[in-house]
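Colleague: Structure incoming, see below.
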Amino acid sequence: MLRSSICSIIIIIVLFSQIYGQQKNEMVTVGKVDLKKYAGLWYEIKKIPNSFQDDCVSGTTAEYKLREDGKIQVINSCTEEDGSRNITEGIARINDKESNSKLGVSFFSILGWRPVWGDYWIIGLGENYEYAVIATPSRKYGWVLARTKSLSADQMKTIDGILLKNGYDPGKFETSRQQD
């Protein structure tokens, strides 16, 4: 009886330490994002599958345009099964003006009011803005974007390291198909 009680206590301690350890594994965003360099067209290289992209079969892109009011116009597009382009427009706002690495993105508007904002944290960025690793603090969503339709094996290895460092399982990301 004593032995089983001790085993139960040890199991509970191990479980709590794992849960607590995961919560302490805070996400680290990049130090500084130059929004002028970040603006432009990005190709989706990998993503954690999500319901709002279920209809996308290839050619997923994100385009960012700086606005005069300090916000960013977001234009996401992809090709659907029937060959048509699905285009979704939204707005991003900078939530951390010191680094520009934490943004909020909204694709839902009621008469100009945006009640729903999603986290968009930049946790990885190539030295020349050739790739970006996008995360959410919940780790439910994640994307790897690039200026080109593919990245080298070395770049992907670096990106996998960034994902691991920030508490992601790179195996949960699926490769996105780009058109030739």
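Colleague: Output the number of residues of the stretch 75-102 satisfying the condition of being assigned to a loop (DSSP other than H, G, I, E, B) and over 12 Å from S58 (Cα atoms).
Modeller: Within the stretch 75-102, residues that are assigned to a loop (DSSP other than H, G, I, E, B) and over 12 Å from S58 (Cα atoms) number 7.
Colleague: From the list E89, E68, E81, E44, pick out the single residue that is among the acidic types (D, E) and within 18 Å of E130 (Cα to Cα).
Modeller: When all the criteria are applied, what remains is E44.
Colleague: Next question, about the same structure. Can you tell me which residues in the stretch 135-149 are in contact (Cβ under 8 Å) with a residue 40 or more places away in the chain and in contact with a strand residue (DSSP E or B) (Cβ under 7 Å, 6 or more places away or on another chain)?
Modeller: Result: A135, P137, G142, W143, V144, L145, A146, R147, T148, K149.
Colleague: Here are G83, G112, G59: which of them is within 18 Å of L145 (Cβ to Cβ) and either out of contact with any His (no Cβ under 8 Å at 6 or more places or on another chain) or of a type in the set (D, E, K, R) (or both)? Please lay out each step first, then the result.
Modeller: Values: G83 fails: within 18 Å of L145 (Cβ to Cβ); G112 fails: within 18 Å of L145 (Cβ to Cβ).
Answer to the check: G59.
Colleague: For the stretch 134-154, enumerate the residues that are surrounded by fewer than 17 Cβ atoms within 10 Å (Cβ to Cβ) and over 21 Å from E26 (Cα atoms).
Modeller: Answer for the stretch 134-154, where residues must be surrounded by fewer than 17 Cβ atoms within 10 Å (Cβ to Cβ) and over 21 Å from E26 (Cα atoms): R147, T148, K149, S150, S152, A153, D154.
Colleague: Residues F52, F108: which one is out of contact with any Lys or Arg (no Cβ under 9 Å at 6 or more places or on another chain) and modelled with pLDDT under 95?
Modeller: Answer to the selection: F52.
Colleague: Still on this structure, please answer the following. Based on this model, can you work out whether V105 counts as among the aliphatic types (A, V, I, L, M) and assigned to a loop (DSSP other than H, G, I, E, B)?
Modeller: Judged against the criteria, V105 is not a match.
Colleague: Only residues in the stretch 24-46 that are on the phi > 0 side of the Ramachandran plot count as the first member; pair them with residues that are modelled with pLDDT of 95 or more and not aliphatic (A, V, I, L, M), Cβ under 8 angstrom, at least 6 apart or cross-chain, and list the lot.
Modeller: Cβ pairs passing all conditions: G40/E63; G40/Y64; G40/R147.
Colleague: Starting from residues that are closer than 15 Å to G31 by Cα and without any contact (Cβ under 8 Å) to a residue 12 or more places away in the chain, keep the ones in the stretch 114-133 and report whichever is surrounded by the fewest Cβ atoms within 10 Å (Cβ to Cβ).
Modeller: Looking at residues that are closer than 15 Å to G31 by Cα and without any contact (Cβ under 8 Å) to a residue 12 or more places away in the chain, I get E127.
The values are calculated or read from the model by the stated rules, or taken from the named source; none is laboratory data. As the structure is a computational prediction, the values presented were derived from the model and not from experiment. Don't worry about glycine lacking a Cβ; one is built from the backbone with ideal geometry, like all the others, and counts go over all protein chains shown.
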